[in-house]
Each structure stands twice: as structure tokens, then as C-alpha cells.
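First the structure, in the form of C-alpha cells, and then the observations on it.
Please treat every number below as a calculation from the coordinates, not as lab data. Model, not experiment: these values are computed from the prediction. Positions of Cβ are backbone-derived with ideal geometry, glycine not excepted, and every protein chain shown enters the neighbour counts.
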Amino acid sequence: MRKRIFEIIEASKDGDTLSSIYDSIILVTVIVSLVPLAFKDQTSVFSAIDKVSVSIFIVDYLLRWSTADYKFGRNGLVPFIRYPFTFMAIVDLVSILPSITLMSSAFKVFRVFRMLKVMRVFRTMRVFRVFKAARYSRSMDIIANVIKNSKEALAAVGTLAVLYVLISALIVFNIEPDTFGNFFEAIYWATVSLTTVGYGDIYPVTATGKFVAMLSSVFGIAVVALPSGIITAGYMDELTKHGGDK
């Protein structure tokens with residue numbers, strides 16, 4: 001019985017009608033549950049949507065937890081202890097908890113949350129529900145494999161970007177101490193310059209500072225382009241691999 005439940009709740013395979021129906025229900029629930037987040041005012045309809053969707057998510061979470069031994073292919077308690085700490089389990093839990101805290105008036109055990117002025121944060125965290133849909137997306141599987149296979153190259157580029165931001169921030173902070181009130185503002189400017197966004201709220205005013213900004217923007221283009229090239233190459237390799245498997 002539990003094995004069949006596991007087969008149904010996992011991403012559907014060809015010919016498994018029940019699994020396909022279950023996947024569709026979860027995907028529709030994810031999409032519908034995000035609708036209230038697009039509005040500032042929360043109506044009774046939105047409240048009902050949230051209660052129904054979170055109930056479905058709780059059932060889904062418990063079913064996945066109860067069949068963790070089939071997921072990991074191991075018997076004993078270890079799979080059940082390990083499952084809550086997996087990435088998707090954490091995403092599922094994060095998407096559930098905000099709704100429970102927001103419904104604290106109906107659950108007295110959660111009244112402590114009503115005293116915390118972080119309800120907007122909890123409400124925003126419900127956006128994590130969109131990541132639940134990734135479980136059923138072939139494209140997301142491909143992207144995950146690309147990132148996994150290219151993690152060393154991406155880590156190297158990430159390290160280069162962090163060092164570049166810190167060095168640029170240190171230079172401009174010391175060149176123009178009057179323009180930048182603190183080091184964080186310099187880091188903010190360096191990050192904006194690195195990505196060539198250029199908000200224009202903070203900028204160098206001296207000739208030397210402007211020269212540093214020019215160099216930062218030029219080299220920033222190269223640093224930003226590196227991960228794009230790595231991911232694109234990995235994505236093409238994955239598409240070729242999947243195409244060859246057919």
C-alpha cells in the first residue's frame with residue numbers, strides 16, 4: 001500500500017494515470033495558492049483558498065515523509081530522519097508554516113506568533129510554494145543537473161565576483177569617503193556596478209572615483225557573462241544527452 005502511494009505522489013511516469021492526476025492537482029493547487037499574494041487586501045475567498053491549499057500541502061508532506069524509505073531505497077529509521085532535511089522537504093515545510101502562523105487565531109497553539117511583528121515576512125515566504133512545482137518540471141531537472149555538473153566552475157566565478165566587489169568597494173570607499181557613508185554603501189555601489197544596473201542613487205563624484213567606476217563597469221560585464229556562458233554550455237550538453245536517450 002505504501003509503495004503504491006509513493007508511486008502516485010512521485011512525479012508521474014508514462015502510463016500511471018493516478019500519478020498524473022495527483023501531479024496535476026498539486027500543480028493547480030500551487031498556482032491557485034499564489035493568487036492571494038498578488039493582492040494587498042486579503043478577502044474571505046483568499047483565506048479559504050489558503051486554508052484549502054495548505055491542507056493539501058500538509059497531506060502531501062506527510063505522505064512523502066511516510067514513504068521516505070522507498071524514496072531513498074533503505075529500510076529502518078534513517079530515511080525518515082533524513083527526509084525532513086532534504087531540499088524539497090524544506091521547501092514544502094517553508095511553504096506550509098507561514099499559512100499556519102497566519103491562521104494562528106484558529107490554532108491556539110500558535111498564538112505566540114500573533115505577538116511577533118513579522119507576519120509580512122511569513123506571508124512573503126509563501127512564495128516558496130512556486131518551488132514545489134519544480135518537482136514535476138523536466139526543465140527544472142535539466143537546470144538542476146546543469147548547476148550540479150558545473151558547480152565547480154560556478155563556484156570559481158562566484159568567488160571571483162565576490163572578490164571583485166570587495167576590492168572595488170575598498171578602493172572607491174577610500175577614494176571617496178565623503179560620498180559613501182559606510183563600507184556597506186560602497187559594497188552596494190560595487191555590486192550595482194558589477195551587474196551594470198546603475199540605479200544612480202550612489203555614485204562617485206571625483207575624477208578618480210569615476211575612473212574606478214568605469215573600470216568596474218567594464219570588467220563587471222566580463223564577470224557577469226562568465227556564469228551565463230557556463231550555464232548555457234551545460235544546458236546544451238544536457239539537452240544533447242536527453243535527446244540521445246530518446
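Cα to Cα, under 16 Å, and not fewer than 8 places away if on the same chain: which aspartates and glutamates meet these conditions relative to Lys51?
Counting by Cα, and skipping residues close in sequence, Lys51 has these aspartates and glutamates nearby: Asp60, Asp92.
Rounded to the nearest 0.05, what FRET efficiency do Val52 and Asn75 give with R0 = 30 Å and r taken as the Cβ-Cβ distance? Could you check?
0.30
Too long at a 24 Å Cα-Cα cut-off: which of Lys3/Lys241; Lys71/Lys148; Lys148/Lys241? Before the final figure, lay out each step's value.
On the way: Lys3/Lys241 30 Å; Lys71/Lys148 20 Å; Lys148/Lys241 15 Å.
Over 24 Å Cα-Cα: Lys3/Lys241.
Quick one: what are the phi-derived ³J(HN,Hα) couplings along region 177-187, Karplus 6.51/-1.76/1.60 with θ = phi - 60°, whole Hz, x for glycine and proline?
Result, rounded to whole Hz: x, 7, 6, 9, x, 8, 5, 4, 4, 5, 5.
Go through region 166-174 residue by residue and turn each phi into a ³J(HN,Hα) via Karplus (6.51, -1.76, 1.60, θ = phi - 60°); whole Hz please, and just put x for glycine and proline.
Here the 3J(HN,Hα) series is 5, 5, 4, 5, 4, 5, 6, 5, 7 Hz.
Estimate the FRET efficiency between Trp65 and Val197 by the formula 1/(1 + (r/R0)^6), using the beta-carbon distance for r and 41 Å for R0, to the nearest 0.05.
Calculated value: 0.45.
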